[in-house]
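The values are calculated or read from the model by the stated rules, or taken from the named source; none is laboratory data. The structure displayed is predicted, hence computed values, not measured ones. Cβ placement follows ideal geometry from the backbone for every residue including glycine, while neighbour counts extend to all protein chains displayed. With ligands, DNA and RNA removed, areas are computed over all heavy atoms of the protein, side chains included. Shrake-Rupley method; radii C 1.70, N 1.55, O 1.52, S 1.80 Å.
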Amino acid sequence: MRYLPRAVRQIRCFSHVYREVSLNELVGNQRDPIRRNFSSYFVEKYLHSARIEGSSKPNLVFLRHFSSPVITDSNIATPNGEKAGPFVEYERRIASGELIEGDHFQVDTIQLLQRLYDELIEKEDECQLDRYTSSKKAGRSRWLWSRLIPQSTYAPVKGLYLYGGVGTGKTMLMDLFYEQLPSNWRKKRIHFHDFMLNVHSRLQMHKGVADPLEVVAAEISDVAIVLCLDEFMVSDVADALILNRLFRHLFSKGVVLVSTSNRAPDNLYEGGLQRDLFLPFIETLKERCVVHEIGSSVDYRKMGSAEQGYYFVGSKYNELLKQKFQELVGDEEPKPQVVEVVMGRRLEVPLGANGCAYFPFEELCDKPLGAADYFGLFKKFHTLALEGVPKFGASNRTAAYRFVTLVDVMYENKARLLCTAEGSPIELFESIVTVSDARKLSPRSSSRSQKRDDLDLCVDNELGFAKDRTISRLTELNSREFLEQFEANLKKHSQAVEA
């Protein structure tokens, strides 16, 4: 009987002129201001979600092989009497062989996601999840009354903050949860840094307003009551200073947050500038979300073939890299191209043709570029040939941050990488360590006065944590499974375009 009122509401919605402002519009098509250059400029993260519509490049989807044993049945059913929810789909994928057998850590996590799914289904009306229950007029009325009479509508359901090591399946499990949510719900899945960069863009648009963060929060909550943020990692002081107020506004407007991260809440923005102003956000986060650690030590990304693919170690392979690039380009002649980024900014591509771009490392990671530039690049190109990736340390720490961001953008967009490098993915980051790791290496490692042989040791907590993710992703990007899936999807896209 629960479905009858919903059907009636959906029929009624056609009598209204409903303006659905998508979060894609909120975060994808506005003029993004160039963010201020802090001393930590290189940690600017703008990761364009692979789910944002309108991309001109192939929508390449790579199935990550995560898994878990079969778990108990759900009490939630579809109108046809079939069981529904994330762990039902999880079981189906295991049975079909799409997911391999995993560990109990994923079982615990999928059970929590199923519990959240069940609560949302049960309290759908109370959470105002159905986007068709309010019209354009009603939305404006709520906006007006919210300014005349302060009001809070905290969700009766707590969100979920998942954290753990790299490759443990956090993103896969969250995506599985998101995909099972009813299509008529107000929901959005987006990468955290993509989300934050565009929050800043919206704040620029609302300059002069008494509390622009409240306006931005209202715009977000209007289209996304369930907000799924991937890879919650705070490294920019501009983000850190506004997070508490932003999310207090979001939570007060009924937003339910589901997020993944490599860091526990108490370790977010560790060692960052003015962290004391960030600490209240941690308490806000723990108050509105169930915090759950995925304690697995297994990196499922490395369970593929882990073949080298197009990853060549040594400068002697630079000519081979150019040869492989030309083979992928085909009969088209590579030539310099220009990519439009944001606010009139342009990224010059040394060589590009047939969806493939060629860059020397210094042109892409030694220049003051950020994730917005990389996003613009992969909106136009699906393959990157990168020549001369160096080993990283204190002497090129900024370039290391940019390379981490570049790999993150590639991974989100499922782009293909060809490169020459001074070492294997692990060897590239051997000199990047966290403070705790540095103390284990040497009692002087964590101080700024180091011995001569340790001069290039880079002690950086954020980079030290990020390197594990980058190594894991480089391994997957060069696995046989990834490259085969890339080719299959590229062929499928080409056939669709020709048809």
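Could you work out the Kirkwood radius for the range 345-486, taking every pair of different alpha carbons, averaging 1/r and inverting it, reported in Å?
15.9
What does a probe at D366 reach in the range 325-356, counting residues whose amide N is under 18 Å from the point 7 Å along Cα→Cβ?
Label zone hits: 348-351.
Quick one: which of K316/K379; K380/K467; K440/K467; K335/K380; K322/K379 span more than 20 angstrom between C-alpha atoms?
K316/K379; K380/K467; K322/K379
Cβ neighbours within 10 Å, averaged per peptide: list 423-433, 200-210, 469-479 in order, most packed at the top. If you can, show how the numbers build up before the last one.
Working: 423-433: 18.8, 200-210: 13.9, 469-479: 22.5.
Highest mean packing first, the order is 469-479, 423-433, 200-210.
In whole percent, how big is the carbon plus sulfur part of the accessible area of the range 206-296, probe 1.4 Å, protein atoms only? Walk me through the intermediate numbers first.
Working: 1500 of 2980 Å².
Its accessible area is 50 percent carbon and sulfur atoms.
I'd like to compare 392-400, 407-415: which one has the highest average count of other Cβ atoms within 10 Å, and what's the full order after that?
Working: 392-400: 19.8, 407-415: 23.6.
By packing density, highest mean first, the sequence is 407-415, 392-400.
Mind ordering 313-321, 246-254 by average Cβ neighbours within 10 Å, highest first? Don't skip to the answer; put the middle values down first.
On the way: 313-321: 13.9, 246-254: 20.9.
The peptides rank, most packed first, as 246-254, 313-321.
So between A264 and E122, what do we pick up on full extension, going 0.36 nm a residue minus the alpha carbon distance? Display every interim value, and only then the final one.
Numbers: separation 142, 0.36 × 142 = 51.12 nm, distance 2.93 nm.
Additional length available on full extension: 48.2 nm.
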